Amino acid sequence: LSFSFTFPATTWALSGFGAWSVVGLRGTLAALIAVTALLRARAPLPARRDWAALAVVAGGCAIGFPLLTTLALTTSSTAHSAVVIGVLPMATAVVAALRTGHRPSRLFWAAAAAGAAIVVAFTLTQDRGRPTVADLYLFGALLVCAAGYAEGGRLSRAMPGWQVIAWGVVLAAPVNLAVTVLALPREPVHLTAQALAGVAYVAAVSQLGGFVLWYRGMGLIGVARASQLQLAQPLLTLVWAVLLLGEHLTLVVPLTAVAVLACIAVTQRAPA
């Protein structure tokens, strides 16, 4: 639910800021919140062996995914982008299986693959058989994010989930601060309530708060099974795209989202 507002909020943010400014502000503001939380909780420094995994979280979830999805949304609709990102659960499950050695059942993989295939078919149908630049951004985003999800979920078995994302955001802070400093003076800025609300949401919730719940859940039920719950995200985002952004959907969009949603039920019922 938290992540389903990300694309609409990003669209709001883009109404008042340039794409690079949105990415930089998102990461910088999230880092300020994360540092405050870590200091108040007197959280210990992560073990040396965990820093590499935290770097993957930082690169995938706090730099790569925000940048690539924001660039995609400058040319693609929220609804279309949301459905394309429906491949993310499958990618996360694959990365987790390769990284941890956990092997879900064949039924799980069949349902996850079906969900991913539906999304790919939707993308090609909408783009007349060929991907657009926005689709390439989105597929790149889901690959780096899947790595960040898998590593973060693995770390959350031993480290509090909120600290996993907090340290990841802090590691990414120098890059995001540099982007902010370089982009803000060079891109147009139109301060509106909608744009500020969008930036606030993607910084506080999309970049940090949503991950607190996400990594906690992954630590409890496993990365592969938890990842498939995110197949519900496109359907929810489609609702917000219509209600909040006034986007018009063709019949194939909600039908695709519902078909993908049905795959979730199978992955959650499949033997671990």
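Hydrodynamic estimate: the Kirkwood radius of region 137-178 over Cα pairs, inserted into Stokes-Einstein at 10 °C and 1.306 mPa s, corresponds to D of 141 µm²/s.
Measuring between their Cα centroids, region 221-265 and region 1-52 lie 23 Å from each other.
Taken over the alpha carbons of region 211-260 as equal point scatterers, the Debye sum produces base-10 log I(q)/I(0) values at 0.17, 0.24 Å⁻¹ of -0.62, -0.84. Using a 7 Å offset from Cα along Cα-Cβ at Val239, what residues in region 75-93 end up with backbone N under 18 Å from the label point? The answer is 78-80, 82-83, 86. Per residue and in cubic angstrom, what volume does the convex hull of the Cα atoms of region 12-63 have? Taking the convex hull of the Cα positions in region 12-63, it is 80 Å³ per residue. Indicate the gyration tensor shape class of region 186-228 (rounded, prolate or oblate), computed on the Cα atoms with a ≥ b ≥ c the square roots of the eigenvalues: a/c under 1.5 is rounded; otherwise a/b larger than b/c is prolate and the rest oblate. Prolate.
Can you sort Met218, Met159, Met90 by 1.4 Å-probe accessible area, starting with the largest?
Result of the area sort, largest leading: Met90, Met159, Met218.
A compact globular protein would have a Cα radius of gyration near 2.2 N^0.38 Å; the ratio found for region 134-272 is 1.22.
Let me know the shape class of the chain, please: from the alpha-carbon gyration tensor, a ≥ b ≥ c as square roots of the eigenvalues, rounded when a/c is under 1.5, otherwise prolate if a/b is greater than b/c, or oblate. Oblate, since a/c reaches 1.5 and b/c is not below a/b. The Rg/Rh ratio for region 1-98, using Cα coordinates for both the radius of gyration and the Kirkwood hydrodynamic radius, is 1.02. A compact globular protein would have a Cα radius of gyration near 2.2 N^0.38 Å; the ratio found for region 109-189 is 1.52. Between region 55-82 and region 152-204, the C-alpha centres lie 12 angstrom from each other. For Val252 and Arg157, the difference between the fully extended length at 0.36 nm per residue and the C-alpha to C-alpha distance is 30.3 nm.
Computed about the Cα centre, the dipole magnitude for the chain is approximately 840 debye when only Lys and Arg (+1) and Asp and Glu (-1) carry charge, each at its Cβ.
The values are calculated or read from the model by the stated rules, or taken from the named source; none is laboratory data. These figures come from a predicted structure and were not determined experimentally. Every residue, glycine among them, receives a Cβ derived from its backbone with ideal geometry; neighbour counts consider all protein chains shown. Areas reflect the complete protein model, heavy atoms only, side chains present, ligands, DNA and RNA absent. Shrake-Rupley method; radii C 1.70, N 1.55, O 1.52, S 1.80 Å.
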